[in-house]
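Peer 1: Got a structure here, written out as structure tokens. Questions coming.
The values are calculated or read from the model by the stated rules, or taken from the named source; none is laboratory data. Just so we're clear, the structure is a prediction, and the values are computed from it rather than from any experiment. Here Cβ is always computed from backbone atoms with ideal geometry, including for glycine, and neighbour counts include all displayed protein chains.
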Amino acid sequence: MQIQFEPIAIDRGYTLWVAATEKFKTTTVKLVLRRNLRADSYTYTAVIPFVLRRGTEALPTVRDMARYLENLYGAGFNADVSKVGETQNIELLVEVAHDRFLPEQLGLSEKALAFLGEVLLRPATEDGVFRREYVAQEAENLRRRILSVINQKPQYAMKRLREEMFAGEPFGLEKYGDVEELRRVTPDGLYEHYQHVLATSPVDLFVVGPVEPAQVAAWVRQHLTLPRGDIETPVAATPHPEGAGEERVVTEEQQVQQGVLALGYRTATRYPDADYPALLMYNGILGGFPHSKLFINVREKASLAYFASSQLEATKGVVTVTAGIAVDKYERALGIIRDQVDALAAGDISEEELENTRKGLINGMLSGRDSPGRIIGGRLVGLINNRVRPVPELIDDVKRVTREDVVRVAEGVRLDTVYFLRAPAAGGQ
Amino acid sequence: MAWQTIYSQLLQERVVHTRLAAGLEVFVMPRPGFHKRYAVLSTRYGSIDNRFRRPGAAEVTEVPDGIAHFLEHQLFEDPEGHVFNGFAALGASVNAYTSHIMTSYLFSTTDNFTQALDRLLDFVQQPHFTPEGVKKEIGIIEQEIRMYQDQPRHRLGMNLLEALYHVHPVRIDIAGTVESIRRIDPETLYTCYDTFYHPSNMALFVVGDVDPDAVLAQVEADVGARGYQPRPPVERLYPEEPPGVARIRVEAVLPVARPLYALGFKDSGTPAGGLERLRREVTMSLVLSAALGRSSQLFQELYDADLVDDRFGARYTSGGSFAHTIIGGETRDPDALHARLTEGLERLREQGLAEEDLRRVQRQAVGEFVQLFNSLEFIANGFLYYHFLGGSLFDYLDQLRSVTLDEANRVLREQLDPAQAAVSIVRPA
């Protein structure tokens with residue numbers, strides 16, 4: 001039973017993607033406005049979904065909205081921004097229970113689309129712009145959200161690594177905006193920016209659930225007709241700068257019980273490239289699984305860490321490694337991590353590592369077919385990269401990756417920045 | 001073995017179950033159309049079970065704090081290599097977790113289900129504890145504990161439980177302490193294993209596109225061949241927890257961006273198990289939604305006063321021998337939040353909830369519950385959790401829909417009693 005998207009062109013730069021299926025107990029609707037992540041606009045773009053979430057003309061307060069959604073049998077509604085490569089995307093999500101499993105039939109799929117239409121087209125306003133109070137509160141909430149990352153040390157270390165490694169590149173920008181600029185967001189400026197975003201962003205509307213595509217298209221035309229101007233197609237990612245690849249070490253001190261080591265590597269491979277499946281294998285062998293080199297060598301053999309893994313951001317072509325270690329084990333942990341990366345480049349990859357990683361990746365991709373959110377997320381990454389990779393095709397590609405392919409990818413991997421969050425040395429105040 | 005069937009009319013789902021001669025309970029929920037197959041094997045043994053009398057023994061056994069969690073880690077040791085690798089070779093993903101009341105071992109796979117189930121049954125039923133393995137694990141878990149110590153929310157929650165409870169072991173961290181885990185040795189691990197990992201104390205749940213008869217035949221052959229003798233239940237010795245809280249207020253200073261606040265209410269009136277316990281849990285979850293959810297007057301007041309953000313939440317937890325409510329989040333002013341929140345809750349206790357509010361959150365809860373059935377992980381883990389507490393996940397909906405206003409208001413008055421309350425605050429350094 002394959003779940004497939006049927007694309008339906010609604011308007012200029014506006015596509016409806018319907019995956020009709022009875023597999024789930026829900027209808028999931030996600031509308032995405034895709035933008036370039038750029039220093040001159042990202043703070044304003046970040047605030048938009050949070051202000052939209054505050055109210056509509058008909059449901060002007062958080063409380064009104066919550067009451068409405070609760071009465072629709074706990075319809076889930078979320079508005080957020082995502083960062084994929086160097087794109088910044090406004091994402092609005094509504095999830096409703098399948099009518100068949102409820103005590104009464106309310107036509108929730110259509111109601112979900114109509115609600116999104118209200119949120120986007122008739123937000124709560126005053127004097128012709130967003131409500132002053134909502135803009136001020138939500139900008140402040142975002143500022144706090146950015147600052148509170150310090151409460152989670154691994155995430156904080158990753159954020160600091162990104163800032164240091166990608167200073168001057170769009171990828172170094174925080175998806176929620178700049179903490180100082182957030183203080184200066186005005187209702188007028190934000191409303192004007194919103195009108196521009198609404199008219200010029202490519203729009204993708206995903207619907208996964210027990211629906212009929214032509215019927216969904218009719219509902220969308222009725223409830224969700226959007227203004228369309230000149231569409232600005234975002235660039236997935238800029239190239240790595242010339243000369244990048246010089247290693248840099250950044251150390252920061254805080255009163256922590258555990259040090260966090262974060263390493264950033266630039267790769268020569270990205271999502272649309274023919275070697276992308278080999279890059280997936282590379283990251284999997286290095287640190288994507290509990291059978292990976294990092295877990296086995298840093299945690300199980302050396303007993304240095306509880307977590308030690310690698311993460312891949314394929315749109316920009318970046319691999320990161322994180323490990324939580326005792327502060328006095330920095331040199332040793334760093335040495336072991338470097339050894340694993342070198343081993344991959346040297347082709348020191350066992351048959352078992354290769355095959356287990358291949359199976360693990362395929363298992364992960366197939367499991368994703370059981371989740372509406374991951375089905376939508378996979379398609380969105382493809383659209384951003386202008387290269388859709390359907391899961392069955394990608395599985396076939398992963399099946400064909402050889403050790404030589406992985407080594408070729410490994411040869412293009414360069415350590416860029418080492419970031420270490422540590423406690424101050426004993427004795428010093 | 002004859003199957004018994006539990007059917008949910010509303011969910012249109014069935015679970016079949018039976019008990020093997022050795023005492024293991026087996027549950028299967030067929031979900032055709034899903035790629036993923038998920039199995040979880042759990043024992044009624046959690047962090048709070050640190051004092052017990054072994055079947056037939058006169059003396060009381062006391063074990064170091066954190067040993068249930070330590071044992072969970074150590075079961076992954078295998079004389080022929082790490083358990084992770086065996087699952088990786090099948091393309092399966094394996095994991096485990098320890099809570100206050102249970103320990104669970106699970107895998108998820110889209111292929112080789114039968115072999116993966118064999119491996120799960122094998123590694124959980126074949127302990128391999130050695131001095132070297134224990135020594136290695138102490139290093140890893142020490143880093144895990146230090147990671148939690150750097151999480152302000154973890155500290156906030158632990159401080160609150162220590163304040164709410166005088167002696168009940170729920171006040172001890174599930175992972176134990178850096179000191180307590182150093183007292184763990186192979187012999188004590190074998191004692192705990194032998195006491196709590198008998199099949200009569202355990203249950204297996206399998207969900208996905210599987211044939212229940214084939215699963216049962218496989219499990220019966222495996223467990224049947226291991227020669228288990230019948231065993232009376234373990235006697236768990238929880239200290240008598242006096243009424244009232246140990247401390248009214250606990251404060252800590254940590255490197256956080258903004259203060260964290262948590263208000264707890266110890267529930268001395270909770271039934272230890274069965275339908276009554278489930279009903280109290282369901283009723284309390286409705287009460288908290290109506291009183292403090294996004295549609296409540298109190299949430300709106302606190303939000304408008306800039307005392308909470310949308311990550312503010314409230315949750316009731318009951319584990320049979322303990323139960324409590326925790327309300328909290330980040331705030332600019334914990335003292336102002338405390339004053340407004342406790343005043344608002346007192347007002348609610350006097351006036352009671354409105355019929356309309358209860359009905360609305362009931363609808364919300366029904367829909368949200370249906371939505372959760374997209375997740376095989378939720379189904380399997382949720383089912384065993386409620387089963388171990390003497391109820392059934394499938395009873396949840398009926399209980400949810402039948403809660404009356406009088407009942408909700410009675411439980412609200414009982415549970416949110418200021419005489420049973422404690423506050424935990426984390427302030428920025």
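Peer 1: Restricting to region B:78-116, name every residue that is surrounded by fewer than 23 Cβ atoms within 10 Å (Cβ to Cβ), out of contact with any Asp or Glu (no Cβ under 8 Å at 6 or more places or on another chain), in a loop (DSSP other than H, G, I, E, B) and within 12 Å of another protein chain (Cβ to nearest Cβ).
Peer 2: Those that are surrounded by fewer than 23 Cβ atoms within 10 Å (Cβ to Cβ), out of contact with any Asp or Glu (no Cβ under 8 Å at 6 or more places or on another chain), in a loop (DSSP other than H, G, I, E, B) and within 12 Å of another protein chain (Cβ to nearest Cβ): B:78, B:81, B:111, B:112.
Peer 1: With a cut-off of at least 3 residues that are closer than 30 Å to residue B:417 by Cα, name the strands (runs of 3 or more DSSP E) lying wholly within region B:198-270. Before the answer, list the steps.
Peer 2: On the way: elements: B:202-208, B:249-254, B:260-266.
In region B:198-270, the matching strands (runs of 3 or more DSSP E) lie at B:249-254, B:260-266.
Peer 1: I've got another one for you. I'd like the residue in region B:389-398 that is touching a strand residue (DSSP E or B) at 6+ places or on another chain (Cβ under 9 Å) and buried (at least 21 other Cβ atoms within 10 Å of the Cβ) and, out of all such residues, is farthest from the other protein chains (Cβ to nearest Cβ).
Peer 2: Checking each candidate, the answer is B:389.
Peer 1: Continuing with this model, one more query. Being within 21 Å of residue A:310 (Cα to Cα) and within 19 Å of the chain's Cα centre (by Cα) is the filter here; which residues of region A:146-164 pass it?
Peer 2: Matches in region A:146-164: A:149, A:152, A:154, A:155, A:156, A:157, A:158, A:159, A:160, A:161, A:162, A:163.
Peer 1: Got a sec? Which of A:80, A:99, A:127 is away from chain B (no Cβ under 14 Å) and not hydrophobic (A, V, I, L, M, F, W, C)? Break it down into steps so the answer makes sense when it comes.
Peer 2: Values: A:80 fails: away from chain B (no Cβ under 14 Å); A:99 fails: away from chain B (no Cβ under 14 Å).
Every option except A:127 fails the conditions.
Peer 1: Which of the residues spanning region A:137-167 are more than 10 Å from chain B (Cβ to nearest Cβ) and free of Cβ contacts under 8 Å to residues at least 12 places away in the same chain?
Peer 2: A:155, A:163, A:166, A:167
Peer 1: In region B:271-309, what residues are without any contact (Cβ under 8 Å) to a residue 40 or more places away in the chain, within 20 Å of the chain's Cα centre (by Cα) and not in a helix (DSSP H, G or I)?
Peer 2: Hit for region B:271-309 is B:271, nothing else.
Peer 1: If you don't mind, there's one more thing I want to ask. Restricting to region A:1-31, count the residues that are over 13 Å from residue A:375 (Cα atoms), surrounded by 22 or more Cβ atoms within 10 Å (Cβ to Cβ) and away from chain B (no Cβ under 14 Å).
Peer 2: Count: 2.
Peer 1: Follow-up. Would you check if residue A:72 is more than 9 Å from chain B (Cβ to nearest Cβ), more than 18 Å from residue A:203 (Cβ to Cβ), over 23 Å from the mean Cα position of the chain (by Cα) and of a type in the set (A, V, I, L, M, F, W, C)?
Peer 2: Numbers: more than 9 Å from chain B (Cβ to nearest Cβ): no; more than 18 Å from residue A:203 (Cβ to Cβ): yes; over 23 Å from the mean Cα position of the chain (by Cα): yes; of a type in the set (A, V, I, L, M, F, W, C): yes.
Considered against the rule, which asks whether it is more than 9 Å from chain B (Cβ to nearest Cβ), more than 18 Å from residue A:203 (Cβ to Cβ), over 23 Å from the mean Cα position of the chain (by Cα) and of a type in the set (A, V, I, L, M, F, W, C), residue A:72 comes out as no.
Peer 1: Only residues that are surrounded by fewer than 19 Cβ atoms within 10 Å (Cβ to Cβ) and either more than 9 Å from chain B (Cβ to nearest Cβ) or under 28 Å from residue B:373 (Cβ atoms) (or both): list them for region A:346-361, please.
Peer 2: Kept after step one, since they are surrounded by fewer than 19 Cβ atoms within 10 Å (Cβ to Cβ), are these residues of region A:346-361: A:346-348, A:350-352, A:354-355.
Correct list: A:346, A:347, A:348, A:350, A:351, A:354.
Peer 1: Then there's this: Among the candidates B:183, B:119, which residue alone is among the basic types (Lys, Arg) and farther than 29 Å from residue A:256 by Cα?
Peer 2: Values: B:183 fails: farther than 29 Å from residue A:256 by Cα.
When all the criteria are applied, what remains is B:119.
Peer 1: For region B:64-74, state whether one or more residues are closer than 23 Å to residue A:300 by Cβ and without any contact (Cβ under 8 Å) to a residue 60 or more places away in the chain.
Peer 2: Looking for residues that are closer than 23 Å to residue A:300 by Cβ and without any contact (Cβ under 8 Å) to a residue 60 or more places away in the chain, one finds at least one in region B:64-74, hence yes.
Peer 1: Would you call residue B:177 under 27 Å from residue B:318 (Cα atoms) and within 14 Å of another protein chain (Cβ to nearest Cβ)?
Peer 2: Details: under 27 Å from residue B:318 (Cα atoms): yes; within 14 Å of another protein chain (Cβ to nearest Cβ): yes.
Criteria met by residue B:177.
Peer 1: Another question about this same structure. In region B:399-426, what residues are within 13 Å of chain A (Cβ to nearest Cβ) and surrounded by fewer than 16 Cβ atoms within 10 Å (Cβ to Cβ)? Full working, then the answer.
Peer 2: Initial filter on region B:399-426 (within 13 Å of chain A (Cβ to nearest Cβ)): B:400-402, B:426.
Once the filter is applied, which keeps residues that are within 13 Å of chain A (Cβ to nearest Cβ) and surrounded by fewer than 16 Cβ atoms within 10 Å (Cβ to Cβ), region B:399-426 yields B:401, B:402.
Peer 1: Just checking, does region B:159-169 include any residue being among the β-branched types (Val, Ile, Thr), at pLDDT 95 or above and either part of a helix (DSSP H, G or I) or closer than 21 Å to residue B:103 by Cα (or both)? Can you show your working first?
Peer 2: The initial filter retains those residues of region B:159-169 that are among the β-branched types (Val, Ile, Thr), namely B:167.
If we keep only those that are at pLDDT 95 or above as well, we get B:167.
Applying the additional criterion that residues be either part of a helix (DSSP H, G or I) or closer than 21 Å to residue B:103 by Cα (or both) yields none.
Taking every residue of region B:159-169 in turn, none turns out to be among the β-branched types (Val, Ile, Thr), at pLDDT 95 or above and either part of a helix (DSSP H, G or I) or closer than 21 Å to residue B:103 by Cα (or both).
Peer 1: Return the only residue of A:121, A:92, A:108 being of a type in the set (A, V, I, L, M), away from every other protein chain (no Cβ under 11 Å), under 27 Å from residue A:57 (Cβ atoms) and surrounded by 21 or more Cβ atoms within 10 Å (Cβ to Cβ). Steps first, answer last, please.
Peer 2: On the way: A:121 fails: surrounded by 21 or more Cβ atoms within 10 Å (Cβ to Cβ); A:108 fails: away from every other protein chain (no Cβ under 11 Å).
Only one candidate passes the filter, namely A:92.
Peer 1: For region B:280-288, check the following and say yes or no: at least one residue is of a type in the set (Lys, Arg) and crowded, with 20+ Cβ neighbours inside 10 Å.
Peer 2: Within region B:280-288, one or more residues are of a type in the set (Lys, Arg) and crowded, with 20+ Cβ neighbours inside 10 Å.
Peer 1: Of everything in region B:1-57 that's more than 30 Å from residue A:24 (Cβ to Cβ) and of a type in the set (Gly, Ala, Ser), which residue is nearest to the other protein chains (Cβ to nearest Cβ)?
Peer 2: That would be B:47.
Peer 1: Could you figure out which of (1) within 11 Å of another protein chain (Cβ to nearest Cβ); (2) over 21 Å from residue A:266 (Cα atoms); (3) touching a helix residue (DSSP H, G or I) at 6+ places or on another chain (Cβ under 9 Å); (4) of a type outside the set (Lys, Arg) isn't true of residue A:377?
Peer 2: With respect to (1) within 11 Å of another protein chain (Cβ to nearest Cβ); (2) over 21 Å from residue A:266 (Cα atoms); (3) touching a helix residue (DSSP H, G or I) at 6+ places or on another chain (Cβ under 9 Å); (4) of a type outside the set (Lys, Arg), residue A:377 is out only on (1).
Peer 1: From the set of residues in region A:239-267 that are surrounded by fewer than 13 Cβ atoms within 10 Å (Cβ to Cβ), more than 14 Å from every other protein chain (Cβ to nearest Cβ) and in a loop (DSSP other than H, G, I, E, B), which is nearest to the chain's Cα centre (by Cα)?
Peer 2: If we take residues in region A:239-267 being surrounded by fewer than 13 Cβ atoms within 10 Å (Cβ to Cβ), more than 14 Å from every other protein chain (Cβ to nearest Cβ) and in a loop (DSSP other than H, G, I, E, B), then A:239 is nearest to the chain's Cα centre (by Cα).
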